[in-house]
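Note sheet for the following structure.
Each reported figure results from applying straightforward, stated rules to the coordinates on display, with no laboratory input. Source: prediction; values computed, not measured. Cβ atoms come from the backbone with ideal geometry, glycine included; neighbour counts cover every protein chain shown.
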There are 2 protein chains.
Amino acid sequence: MPELKLIERIRRSSNRGGNITRNNSRGGVQAGIGDDCAVLRLPRGHEALITTDFSLENVHFRRAWHPPDSVGHRCLARGLSDIAAMGGEPVAAFLSLALPRDVRQRWVDEFLRGLLRLAKRFGLTLAGGDTAQSPDGILADIVVLGSVPAGEAVLRSGARAGDAIYVTGQLGGAATVLHRLQAGKRIRARDFPGHFYPTPRLEVGRYLREHGLATAMIDISDGLSTDLSHICEESRVGARIVGTEIPAASRAILSLALHGGDDYELLFTAPAKMRVPNTIAGVSVTRIGDIIRGRGVRLVQNGSEKKLAAGGWQHFKG
Amino acid sequence: MPELKLIERIRRSSNRGGNITRNNSRGGVQAGIGDDCAVLRLPRGHEALITTDFSLENVHFRRAWHPPDSVGHRCLARGLSDIAAMGGEPVAAFLSLALPRDVRQRWVDEFLRGLLRLAKRFGLTLAGGDTAQSPDGILADIVVLGSVPAGEAVLRSGARAGDAIYVTGQLGGAATVLHRLQAGKRIRARDFPGHFYPTPRLEVGRYLREHGLATAMIDISDGLSTDLSHICEESRVGARIVGTEIPAASRAILSLALHGGDDYELLFTAPAKMRVPNTIAGVSVTRIGDIIRGRGVRLVQNGSEKKLAAGGWQHFKG
């Protein structure tokens, strides 16, 4: 598909949102696709958040398994989930898309439809990007710009011994669907929205930041064991979680709830004495353990406690 | 090369710059690689500029032709040139890099060295990114965040009939080197820095913005004919340029100066009565024609005037 045609398509799609204006004191996109750079204004007193995420065919998705609107949705959801994990607000997205010759226009249209539907839901604009021809496979790289009041971003490094550990939603659902796909089972995308159309937890992240509840936060994209170890490393603490407390998704076995990726739930810590609601913005919040002195993650299971190695979720391999 | 190792490498490389700090009133990176998002503060009263550019093996570079430090340099230069074309200042870069299995660590080290050397020269930080395994070929996507005083970004859309048209430096040099490479000639990278290590015209862009000289601006990445037609389209005007006035690079024929890409010079318009210096920040500035009413680009050559079609520079094809 010709490059210019795709850029024009993105441009028309994103302008349809109607929020490309030169004067908007609340912030937003001042000039968008069609110039050398996008020009964006952040709300007064806010800092910028930036995250970039690849979505590569046969690494993060397969054309045979994932409908194109799901690929577009998941591509943007990966970036939005990172914004959520800082307690931020999304402002704009930028899509770099390299397509091999065998991709049909209909696939691209559906991909953009899925991406733009999610963007509209959370009020951000697709404000730019780049296109190229790919030698092999579909390659998307999504950049999301967000904002957060200066100094208020929730980092991974703020957890302290004595804090309680919480997760949103249920874990292991996306990996369970992936196992079924790998086993050759036919699955209808609309029956498993957690895998095909995950909801980034932006409202939850914002609530936690606004109420000063979270001392550290990360999104669970690589699996609970891996992402909790990231918090421990950045905060220089250890963690003890309890197997029976982990909210496994329906049909998910504990190992997938511990190590499966792509759930896009939030993992956060809060002082143990703080009252954290059981539900925030309609999403369940579950206490699964505590931050302790030392290093590494420990799992309490069947009355004993042992070291939990990071599962090293690597998406799926070709 | 394992993903985590590469992220750690980038992290160490970029921290060496020493400009990741939490409190810096001039703006800059507040938190960098190792969190869900980078957190950046812009100077007070500034807007954000964002640009993304692919650098794909066999589309934008070839491993047999381009030393790895040149690939890293050119990757970042593409983004910096876009910031220059808005009259902006670069703040931070984000690198998404997908590598096939056959790439050696030494190649990656040299790639990063070239990229970071250019970043250091212009005072910006490599503040994040993503890594993945590529099914085929090296795929880099560079994001550059810059800033500009609110409302002062130089857009493509401000050219008016009667404005004069200027270019910086010489044109066609990068394409001339490419033709020699395609013809199988051996070329030493250090003898042709314009192709292998182009200098983004950040000082020139900033000077033009600060002095209110440029009504419209773009960088010449796709070739003069194509990029001038972008200004004409966005400004809804036409242009007339004079063949003998175009500053062709040494050994470059006029067609390459008109249509060759990758020069990363600036093309801008200014009211004809404004005095534009012949040299800005050590870079020559040449008047090549005028903005006129109507549509399209016209070339005056050998005493006659004819329509100049956009050359449609597509980098080189496999």
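How big is the Cα convex hull of region B:52-188 in projection, averaged over all directions, in nm²?
Convex hull of Cα atoms, orientation-averaged projection: 10.6 nm².
At A:His179, label 7 Å along Cα→Cβ: distances to the other copies, nm, ascending?
Here A:His179 shows inter-copy label distances of 6.2 nm.
Label B:Arg121 and A:Thr279 with points 7 Å out from Cα along Cα→Cβ: what is the distance between them in nm?
5.9
Output the 0 to 90 degree angle, nearest 10, between the alpha-carbon long axis of helix A:68-84 and the longest principal axis computed from the alpha carbons of chain A.
60
What's the extension gain from B:Lys185 to B:Ser250 if we count 0.36 nm per residue and subtract their Cα-Cα distance?
That works out to 21.7 nm of additional length.
Please give me the summed charge of the neighbours of B:Ile138: other residues whose Cβ is under 9 Å from its Cβ, Lys and Arg +1, Asp and Glu -1.
Once all neighbours under 9 Å are counted, the net charge is 0.
Can you pull the mean other chain C-beta count within 10 Å for peptide A:217-224?
1
In cubic angstrom, how much convex hull volume per residue do the alpha carbon atoms of the protein assembly as shown span?
Enclosed volume per residue, from the Cα hull, is 150 Å³.
Please list the non-local residues whose amide H lies under 5 Å from the amide H of B:Ala132, H modeled 1.01 Å from N, same-chain partners needing a gap of 5 or more.
Amide H neighbours of B:Ala132: B:Leu97, B:Ala98, B:Leu99.
Order these peptides, A:293-306, A:134-147, by their mean beta-carbon neighbour count within 10 angstrom, highest first.
Those peptides, ordered most packed to least, come out A:134-147, A:293-306.
Give the relative contact order (percent, whole number) for chain A; include only Cα pairs under 8 Å separated by 6+ residues.
Once divided by the residue count of chain A, the mean separation gives 21 percent.
Residue by residue through B:140-147, how many Cβ atoms from other chains fall within 10 Å of the Cβ on average?
5
So what's chain A giving for Cα Rg divided by 2.2 N^0.38 Å, two decimals?
1.01
Anything over 32 Å Cα to Cα? Flag those among A:Lys185/A:Lys306; B:Lys273/B:Lys306; B:Lys273/B:Lys307; A:Lys120/B:Lys307, in the order listed.
Listed pairs above 32 Å: A:Lys185/A:Lys306; A:Lys120/B:Lys307.
Would you mind listing the distances between the A:Gln105 label point and the same position in each other copy? Use 7 Å along Cα-to-C-beta, nm, one decimal, shortest first.
4.9
Any idea what angle helix A:3-15 forms with the longest principal axis of chain A, computed on alpha-carbon atoms, 0 to 90 degrees, nearest 10?
Approximately 70 degrees, to the nearest ten.
Quick one: if you stick a label point 7 Å off each Cα along the C-beta vector at B:Asp102 and A:Glu233, how many nm between them?
3.1
Add -39500 (n - 2.57) for each DSSP H run of 4 or more in chain B, then divide by its residues: what number comes out at 222 nm, to the nearest 500 deg cm²/dmol?
The helix contribution divided over chain B gives -8500 deg cm²/dmol.
Between B:Gln301 and A:Ala64, with labels modelled 7 Å along Cα→Cβ, what's the label distance in nm to one decimal, could you check?
So the label points at B:Gln301 and A:Ala64 sit 5.2 nm apart.
In whole Å, how far is the Cα centre of region B:123-193 from that of region B:60-75?
Result: 13 Å between the Cα centres.
Report, for B:Asp191, each distance to the same residue's label point in the other copies, shortest first and in nm; define the point 7 Å along Cα→Cβ.
Between copies, matching label points for B:Asp191 lie 6.6 nm apart.
Over the Cα atoms of region B:62-121, each weighted equally, I'd like the Debye log10 I(q)/I(0) at q = 0.19, 0.24, 0.30 Å⁻¹, rounded to two decimals.
Cα-only, vacuum Debye calculation for region B:62-121: -0.71, -1.01, -1.33.
Kindly provide the pair-distance distribution of region B:163-307 built from C-alpha pairs, with 5 Å bins from 0 and whole-percent values in order of increasing distance.
Going out from 0 Å in 5 Å bins, region B:163-307 shows 2, 10, 20, 23, 20, 13, 7, 4, 1, 0 percent.
Order B:61-69, B:192-200, A:260-268 from most to least packed using the mean count of other Cβ atoms within 10 Å.
Ranking the peptides B:61-69, B:192-200, A:260-268 by packing returns A:260-268, B:192-200, B:61-69.
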